[in-house]
Amino acid sequence: MTDHSPDPAMLAKAETLTEALPYLQRYAGKTFVVKYGGHAMGDPELARDFAEDVVLLKAVGINPIVVHGGGPQIGAMLKQLGIESQFVGGLRVTDKATAEVAEMVLAGKINKEIVAWIAEAGGRAVGISGKDARLVTAEKVKRSEPDPNSGIERHVDLGFVGDPVHVDPSILHQLAKDGIIPVVAPVALGADGDTYNINADTMAGAIAAACNASRFFLLTDVAGVLSKDGDLQTDLDPAGIDALIKDGTISGGMIPKVETCVKAVERGVDAAVILDGRIPHGMLLEIFTRRGAGTLVRKNGRA
Ligand SMILES: Nc1ncnc2c1ncn2[C@@H]1O[C@H](COP(=O)(O)OP(=O)(O)O)[C@@H](O)[C@H]1O
Ligand SMILES: CC(=O)N[C@@H](CCC(=O)OP(=O)(O)O)C(=O)O
């Protein structure tokens, strides 16, 4: 006799789909900004999974906006060209030559690679930088650091490193309305006409705030914010982040990441999540299942 009992694997799939239903209903029509870090895009298999996730979001009525980095790739190109590079507080000191290389790698190479992965996954993407349609206007960053000898704060000149001071998201809304996924490279013009290299986390946060994004995801190469003992911090609020920066637990490239999350939630983004880009389809699991992953940053913690 034929066994007509349902296949448990198929049932589990159906359960996963029904578990997703309240999230599908809640997020339809909302904007999600996804920051795709240079470290997260190293593995082509994972990059394809990422592109599939973005296309799936669009297919279920969410408007994803991808803002990408490419720090390691810029570093490799600078090395090939024999140009030295240095970081201060997670930001690359950028002279004219470095700004040219950064734009070439970010807006030229990586941007179009991501557009191609999305096309391969069946989506339609348009790659732009902050320069296009004046999406982002930058201003030279103002940074100060304590002098190692005197401890007195002194100004550090980072060259052509920009802060996004104005975002005009109309081009993003237009693309989203036409069924297109915008892919944004973190390069912008200043009011002075100069080209500025912008930290991709900072760029993504400014765009998330300007678009009133419901969710802001930062995909990187660690599980999230880790404690000194290496434990994942699942929930943080601005005060908790401040304390972890002050005691040195958060350092390097994680500093602009968490600072961006704080700014974004203080400017109205519901929640920012620092996620492990090395987990296949990690973003989908975070969005559509009850199992949260990574570090969730909210203005008042996990309410
Ligand atoms: N407390 C911390 N928790 C997790 N990562 C940290 C922490 N402090 C510093 N980091 C560093 O921050 C890195 C992530 O930032 P970054 O290299 O700029 O990534 P991305 O290229 O994805 O933007 C991690 O790989 C880790 O080396
Ligand atoms: C000013 C500054 O630091 N700009 C970054 C832009 C790329 C970036 O942020 O890439 P990730 O997200 O992969 O780190 C840089 O030159 O590396």
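The values are calculated or read from the model by the stated rules, or taken from the named source; none is laboratory data. These numbers come from a predicted model, not from an experiment. Cβ placement follows ideal geometry from the backbone for every residue including glycine, while neighbour counts extend to all protein chains displayed. Just so you know, the surface numbers come from the protein's heavy atoms only, side chains and all, with ligands and any DNA or RNA stripped out. Shrake-Rupley method; radii C 1.70, N 1.55, O 1.52, S 1.80 Å.
Here are the numbers for the structure shown:
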| quantity | calculated |
| --- | --- |
| Crossing angle, helix 200-210 versus the chain [Cα axis fit, 0-90 degrees, rounded to tens] | 70 degrees |
| Links that overshoot a 18 Å alpha carbon limit, given the list LYS35/LYS257; LYS112/LYS177; LYS30/LYS257; LYS142/LYS299; LYS35/LYS228; LYS30/LYS58 | LYS112/LYS177; LYS30/LYS257; LYS142/LYS299; LYS35/LYS228 |
| Percentage relative contact order, the chain, counting C-alpha pairs under 8 Å, at least six apart | 22 percent |
| Rounded to 10°, Cα long-axis angle of helix 254-266 versus longest principal axis of the chain | 70 degrees |
| Accessible area per residue, Å², the chain with all protein chains present, probe 1.4 Å | 48 Å² |
| Dipole magnitude (debye, nearest 20) for the chain, charges at Cβ of Lys, Arg, Asp, Glu | 580 debye |
| Cα gyration tensor shape of segment 141-269, rounded if a/c is under 1.5, else prolate or oblate by comparing a/b with b/c | oblate |
| FRET efficiency, VAL60 to ASP194 (Cβ-Cβ, R0 25 Å, nearest 0.05) | 0.05 |
| Options ILE198, ILE171, PRO148, ranked by Cα towards positive dipole end of segment 123-218, top entry (Cβ charges) | ILE171 |
| Relative contact order of segment 37-190, defined on C-alpha pairs under 8 angstrom at six or more residues apart (%) | 30 percent |
| Whole-percent carbon and sulfur share, accessible surface of the chain, 1.4 Å | 54 percent |
